[in-house]
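Structure first, then comments.
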Amino acid sequence: MTHTTLTENPAKSFDPQHFDNYVMHTYGRFPIAIDRGEGCRLWDTKGKEYLDFVAGIATCTLGHGHPALVKTVSEQIQSLHHVSNLYYIPQQGELAQWMIEHSCADKVFFCNSGAEANEAAIKLIRKYSHTVLDFLEQPVILTAKASFHGRTLATITATGQPKYQQDFEPLMPGFAYVPYNDIKAIEHAIADIDEGNRRVAAIMLEPLQGEGGVRPGEIEYFLRLRKICDENNILLVFDEVQVGVGRSGKLWGYENLGVEPDVLTSAKGLAGGIPIGAMMCKEFCNVLTPGTHASTFGGNPLACAAALTVLKTIEEENILQNVQARGEQLRTRLRAIAQKDPTLFTDVRGWGLINGLEINEEMSITSIDIVKAAMEEGLLLAPAGPKVLRFVPPLIVTEEEINQAADLLETAINKVCAATVN
Ligand SMILES: *Cc1c(COP(=O)(O)O)cnc(C)c1O
């Protein structure tokens, strides 16, 4: 592998202090810089090797340097990478066809991120409300507490966690929140909000809450929810930005719940780490017409070719089977770890290769403590809130790598416990 250089390779002379002089401090970064990757392995600028169970936050579906993705992206950037949506983009059409043929949706709009995909969904909901449902003025979107939908103004408002909204008020009007997996709360909210020209137009949920603590949706809840939406003319919208594209062990998260959404958003893993977002919907609510929504970069040839390769590779290499088997293996190992220390760990949960290990609320140890210790041992993990460790490796992770990660995690936990007792 040859490395692209700027004036000199910036990774070689990397200095965090220098970096912080110029880049806004909007992230609590760990003090390492990653230089190189291959499969599920990463190396930092000092040459230390890591097993990657973060995958760019559930994004590098095929791991790092996957030959199929390298080939597609190299070839596409040589022939054409961007032209705008002023013209037809054949790669976009091909990707759309694949996604439609492999999902419950009929049409797709492309953008560049999860937040943008959700923004598109929110605009679609509002336009559908005004033009089809004929609401007088005020459609309300119900979302869940502990949800995460992105960082734009509309999507922090949709996100049912005050910490993301604080200091950014006034928030967007037209949102209300309910506890997740609680059907009574939905029924009450629909009744409470139904008043004059104000009523619930859509319910937007993650099939499994990712950032909010790796909390899977309950089948019974979602079956009831689908029925309630049908009976009340309410759109059911699934944010599959994190759980979609094979991560749950099925291609789409909704397949785990036995219901189909009317609108569906995707982003993180869709192009394996090349930026892309997508909002998909059924034909009956396909109301966005020319001039009503757009994105300069959305669905460019590079991103679409990458996504098509990711999806075809998932299909051709039976990756969903690997996700199911490796997920089962990981949860078995995590349960064994949790059972060894039941006062420290309270739950193991997840689908496919999105899994969480929950730390007891009462204990002083936090997810960050274990993430840091695991990093020392050479395992990268991400927290999902202060008390949940999140495991989202590339979907190509091997049996051996799962075992190795679990071994490294055990060592890290033992060290954290030893340090805490002293
Ligand atoms: C990450 C995430 C988003 C936001 O995606 P961005 O690409 O960071 O804008 C939205 N919804 C869910 C469920 C996510 O996990």
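Applying the Karplus relation 6.51 cos²θ - 1.76 cosθ + 1.60 with θ = phi - 60° to region 347-356 yields 3J(HN,Hα) values of 6, 10, 8, x, 10, x, 10, 10, 9, x Hz, where x marks Gly and Pro. With a cut-off of 14 Å between beta carbons, the residues surrounding Gly277 carry a summed charge of -1, where Lys and Arg count +1 and Asp and Glu -1.
Projected over every direction and averaged, the convex hull enclosing the alpha-carbon atoms of the chain yields 21.9 nm². In this structure, the residue pairs whose Cα-Cα separation is over 26 Å, taken from Lys340/Lys387; Lys163/Lys282; Lys127/Lys250, are Lys163/Lys282; Lys127/Lys250. Peptides 397-407, 116-126 ranked from most to least packed, by the mean per-residue count of other Cβ atoms within 10 Å: 116-126, 397-407. Amide H to amide H distances under 5 Å link Leu171 with no residue, where only residues 5 or more positions off or on other chains count and H is placed in the peptide plane. At the listed q of 0.15, 0.16, 0.17, 0.22 Å⁻¹, the Debye profile of region 320-422, built from one uniform point per Cα, gives log10 I(q)/I(0) equal to -0.54, -0.62, -0.70, -1.19.
Here's how it looks for Lys145: its modeled amide H is under 5 Å from those of Val178, Tyr180, which are all 5 or more places away or on a different chain. Summing +1 for each Lys or Arg and -1 for each Asp or Glu among the other residues whose beta-carbon sits under 12 angstrom from that of Lys227 gives -2.
List the residues of region 289-310 whose backbone N lies under 16 Å from a point placed 7 Å from the Cα of Ile77 along the Cα-to-Cβ direction. The answer is 300-307, whose backbone nitrogens lie closer than 16 Å to the label point. With no solvent and one equal point scatterer placed on each C-alpha of region 241-343, evaluate the Debye formula and give log10 I(q)/I(0) for q = 0.11, 0.13, 0.16, 0.19 Å⁻¹, two decimals. Reported log10 I(q)/I(0), two decimals: -0.47, -0.62, -0.85, -1.05. Counting other C-beta atoms within 10 Å, and keeping those with at most 10, which DSSP coil GluC sites (Glu not before Pro) do you find in region 272-370? Those satisfying the criteria are Glu361, Glu362. With Cα atoms defining each centre, region 141-168 and region 44-81 are spaced 30 Å apart in the structure.
Taking every DSSP beta bridge that has both ends in the chain, the antiparallel portion is near 60%.
Segment Asp20..Ala185, full-extension length gain: 54.9 nm, with 0.36 nm per residue of separation and the alpha-carbon distance subtracted.
Within the straight-line cut-off of under 22 Å between alpha carbons, the lysines reachable from Lys71 are Lys268, Lys312, sequence neighbours fewer than 8 places apart in one chain being disregarded.
In region 68-316, the DSSP beta bridges split such that about 40 percent are antiparallel, to the nearest 5. Here is how the number arises for the chain: DSSP H runs of 4 or more residues each give -39500 (n - 2.57), the sum is divided by the residue count, and the result at 222 nm is -11500 deg cm²/dmol. Here the gap between Glu260 and Phe168, fully extended at 0.36 nm per residue and compared with their Cα-Cα distance, gives a gain of 29.7 nm.
Normalised by 2.2 N^0.38 Å, where N counts its residues, the alpha-carbon radius of gyration of region 68-316 equals 0.99.
3J(HN,Hα) couplings calculated from phi for region 239-256 with the Karplus curve 6.51 cos²θ - 1.76 cosθ + 1.60 (θ = phi - 60°) are, in sequence order, 8, 10, 4, 9, 8, x, 6, x, 4, 7, x, 10, 4, 10, x, 4, 5, 7 Hz; Gly and Pro show x.
Any read-out appearing in this document is the output of simple, stated calculations on the displayed coordinates, not a laboratory observation. These figures come from a predicted structure and were not determined experimentally. When we count neighbours, we look across all protein chains shown, and the Cβ atoms used for this are built from the backbone with ideal geometry, even at glycine.
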